[in-house]
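> Please see the structure below; I have some questions.
The values are calculated or read from the model by the stated rules, or taken from the named source; none is laboratory data. All values reported here derive from a predicted model rather than from experimental measurement. Using ideal geometry, Cβ is built from the backbone for each residue, glycine included, and neighbour counts are taken over all protein chains shown. Surface accessibility is based on the protein's heavy atoms, side chains included, excluding ligands, DNA and RNA. Shrake-Rupley method; radii C 1.70, N 1.55, O 1.52, S 1.80 Å.
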Amino acid sequence: MTSLVDRYVYTALRRIPEQQRADIDRELRASIDDAVDARVEAGEPRDAAVERALLELGDPDKLADSYADRPNFLIGPELYGVWRRFMMMLFTTVLPIVVVVTTVVALFGDDPKAGDIIGGAIGSLLTVGAHLAFWTTLTFAVIERTGLGKAELRGGAWSLDDLPRYEPRAITVGQLVTYVAWPVIVIAAIVLQQFTFTEEPVLDPDGWSFWWPLLIVLVALKALWAVWLYRQGAWTRAVTVVNAVLATAAGALMVWLLASDRFFNPAFDWITDSGDNLLDWITPAAIVVTVAGALWDIAEVAVRGERARRGIPTKVAGTGNTYKFG
């Protein structure tokens, strides 16, 4: 398991500019070692001495801000770490889902055009992102100044239990939601494009005899794979192999349908209005994206699984040190 000191130092270094990390890494470790040695000489057990020394240093995010000379004016130091983590969650989970949903709705709307869809996606990204940032920050600023709900939001005083564990062998609840959300969105898009939004579906209706149900099953199995991984809590060889099989099967099916002109509906208005030239570049581009996505998925899971099984340490840029998590 990862040591408390490594977890503490790594958490602090994440928020330090890279050019400062080496000095601060040495300084922080020396400070912790001195404090621990002093307590051990006074008769405390080493494990208890480490815990007390880290508790005296306090929240590593606040410590990092003090090292980097980075005061937080709008959101005070008590809530800044909570605000930052909440914003990261919104921008990495909520915002992508909203943009994808609005793009799918636009794609299956009346007379969709590529420029309008791309512009709408960018507009949604900027508009929704701005609203998420503004209203979240405003809420935290009001809490900071009024004190209403501040203790509950802060969760009490910082403790060692608040340190991230950096365990690469298990996915978090947030990662599970992301893993499951994308298959749900894809399945919803496949079904909705056939029955709603447009008079003519985007995908070839003949595929409902076998190919689209098969693709839906493969995508649903990917969501079940994520649930299985979460419940198992470890990146095993079985997890890697099953993911590779699912990614290969779904990717091969998509490529075959695209290459054999069984993917897009030739009667869809956007295609008929634009002529054959549209399919001439959309089909090869879709094949390239599909193959690249499948290879990336297989490689990412394989690398994460291998690193977890072998316990390969994580390098932190600027420190010259490695941190072994897991």
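> Consider a paramagnetic label point 7 Å from the Cα of Val177 along Cα→Cβ; state which residues of segment 80-107 have an amide N under 17 Å from it.
Taking a point 7 Å out along Cα→Cβ of Val177, the residues of segment 80-107 whose backbone N falls under 17 Å are 82-101.
> Provide the per residue accessible area, probe 1.4 Å, for segment 202-263, rounded to a whole number of square angstrom.
I get 49 Å² per residue for this part.
> Counting only the heavy atoms of the protein chains, how much of Thr103 is accessible to a 1.4 Å probe, in Å² to the nearest 10?
40 Å²
> A further question on this structure: Determine the gain in length on full extension of the stretch Ile185-Leu4; use 0.36 nm per residue of separation and subtract their C-alpha separation, reporting nm with one decimal.
Working: separation 181, 0.36 × 181 = 65.16 nm, distance 3.93 nm.
This chain segment gains 61.2 nm when fully extended.
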